[in-house]
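Take a look at the structure below.
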Amino acid sequence: MTAPASVRSDVHTHIWAPSHLSGAFRVDLDRIRPGGAAIDASPEAHRASDRPERTIVVAFDGAHSGLEVPDHFVAAYVDQDRERLIGYCSVNPVARDPRDAITRAVDELGLRGVKIAPTYQAFDPLGPEAFRLYEEIAARELPVLWHQGAAFVRNSVLSFAPPRLIDDVARRFPEMKIVIAHAGSPWPEECLAVVRKHPQVFADISGIVARPSLIRSVLTSATELGCSDRLLFGTDWPFATVAEVATSLQAVADDDDLTPATRSAASSLLARDSVAALGF
């Protein structure tokens, strides 16, 4: 299966094996998405999906919430096609030594970015352990895909979730490329305030395209704030396909009830090489 011709890259996809999901995680996933725990997120399914020219694939160090996708699992998959696949490690700084974890991920496994999700991993994004991780990330000049928003797992920590918390990190590390996943939903305005303020901060639109009013709101606000050029294409595969996200964006581009500027922002996002925006 091939991606729609206009889509060049995807900054947010997952893979996992059934053994990577705990029983509690499966229950919560099925609760918010009936049948979700049975989704095939295997490397083979990812390979057969409508991948664009280049795709980022992330690990997930989420024992607290019941999703543990090891760095080596992602590395073994991206090793099969490094021209098209870019692997990210995942580090919980309260569970693993950041320096050791980043050194192994980069030097031994060849991974090229970091996925974090404080609300799922139960670490304070402004705590000392977190800043030790950021220092290692900055020293290696790695981009970060940062889940900073809602979480469906009952054991997650929503007090660690508001996107505004990223402001302290972006001020301390002004060269660190940060992508706020899911446009910070359910706080997209807060997310966009951080994106607008910091030129090295981006937001992906994964996970929100199933809500037409939300994707329209995000594109409208980003356009009005002058930061729509830092919205990135992401699917959160296997929860959405490239075709589904592209169709949602095209609907915005074709909506005569929206301003020409918002419609143009949707078209530009469809054509943007989002992975290249991160320096790859």
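The values are calculated or read from the model by the stated rules, or taken from the named source; none is laboratory data. Bear in mind the structure is a predicted one, so any value in this text is a computation, not a measurement. Counting neighbours? That spans all protein chains shown, and the Cβs are built from the backbone with ideal geometry, glycine included.
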(message) Tell me the residue from Pro162, Pro143, Pro125 that is touching a Lys or Arg at 6+ places or on another chain (Cβ under 6 Å) and either surrounded by fewer than 21 Cβ atoms within 10 Å (Cβ to Cβ) or modelled with pLDDT of 95 or more (or both), please.
(response) Pro143
(request) Residue by residue through the stretch 1-42, note down the ones that are buried (at least 19 other Cβ atoms within 10 Å of the Cβ), among the charged types (D, E, K, R) and farther than 19 Å from Ile86 by Cβ. (result) Asp28
(request) Quick one: which helices (runs of 4 or more DSSP H) lie wholly within the stretch 140-253 and hold at least 2 residues that are under 16 Å from the mean Cα position of the chain (by Cα) and touching a residue at least 40 places away in the same chain (Cβ under 8 Å)? (result) 242-253
(request) Identify the residue in the stretch 106-118 that is hydrophobic (A, V, I, L, M, F, W, C) and in a loop (DSSP other than H, G, I, E, B) and, among all such residues, is surrounded by the most Cβ atoms within 10 Å (Cβ to Cβ). (result) Ala117
(request) Kindly list the number of the only condition in (1) in contact with a strand residue (DSSP E or B) (Cβ under 8 Å, 6 or more places away or on another chain); (2) under 17 Å from Met176 (Cβ atoms) that fails for Leu126. (result) (1)
